[in-house]
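Here's the structure we're looking at; comments come further down.
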Amino acid sequence: MIAIFLTWLIVAVGALSCIYMLFCAWSRFPRRDFDDVVHFLYPVDLALAESLLDPAAEFEFRWKLSRQEFRQAQRKRMRLYLELVRRMSHNSKVLVEFGNAEANCHDPRSVELARALQQKAVEVRFYSVLTLVKLSVWMWFAPNDHGHSATMPRLRKAGDLDGLQSYHALKVAAAAAFLHLGPGELEMLTQNL
């Protein structure tokens, strides 16, 4: 009798959990329009990211600094790149939400541009997740030995994606999707992205 009751209790909890997850998934994606996308984006300095991932700069740090100073500088550079990747991830999420809202539009050109934007945003999101995991593991499990194993240029690619090129392609796709904006608004979008 108790076994049957526990079985039905587990089934009921599982069913309620599935309903709750579906509700969260359904209500999670807000309807983004052109006006509020720009204000939800965080600026990403691609020139700074490029300099952090530059092998020559890392070699120069390794050459000029003592081992302890290099470790400290490397951790600082990793934290800075971690913040840039978080911003990339956030921006790609916002643009995917916008693409979801535009997918229901009746204009086929807008739908096509939104899908291209979503494709680039998903690529950036994939790169960001892999890089965030890799950076977190490096910073968490190897805090005292970043000398040889954790080199910043290795973060440029995750999977088959070059992170900086993917983010640049996302910026181009966003500019194309928001083509109807005025020159000032389009410049604000590209600055925030």
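The values are calculated or read from the model by the stated rules, or taken from the named source; none is laboratory data. Note that the structure is a prediction, hence the values are computed from the model and not measured. Glycine gets a Cβ as well: all are built from the backbone with ideal geometry, and neighbour counts include every protein chain shown.
Selection over the range 55-83 of residues that are over 28 Å from the mean Cα position of the chain (by Cα) and either polar (S, T, N, Q) or assigned to a helix (DSSP H, G or I) (or both) gives a count of 8. Report yes if Lys120 is under 20 Å from Asn192 (Cβ atoms), basic (Lys, Arg) and surrounded by 20 or more Cβ atoms within 10 Å (Cβ to Cβ), otherwise no. Against the criterion (under 20 Å from Asn192 (Cβ atoms), basic (Lys, Arg) and surrounded by 20 or more Cβ atoms within 10 Å (Cβ to Cβ)), Lys120 qualifies.
Consider the range 90-109 and keep the residues that are among the polar types (S, T, N, Q) and crowded, with 16+ Cβ neighbours inside 10 Å. The one that is farthest from Leu193 (Cα to Cα) is Ser92. Name the helices (runs of 4 or more DSSP H) wholly inside the range 89-193 in which the number of residues that are modelled with pLDDT under 85 and more than 22 Å from Leu46 (Cα to Cα) is 1 or more. By residue number, 108-141.
Out of Leu65, Leu22, one residue alone is hydrophobic (A, V, I, L, M, F, W, C) and at pLDDT 85 or above. It is Leu65.
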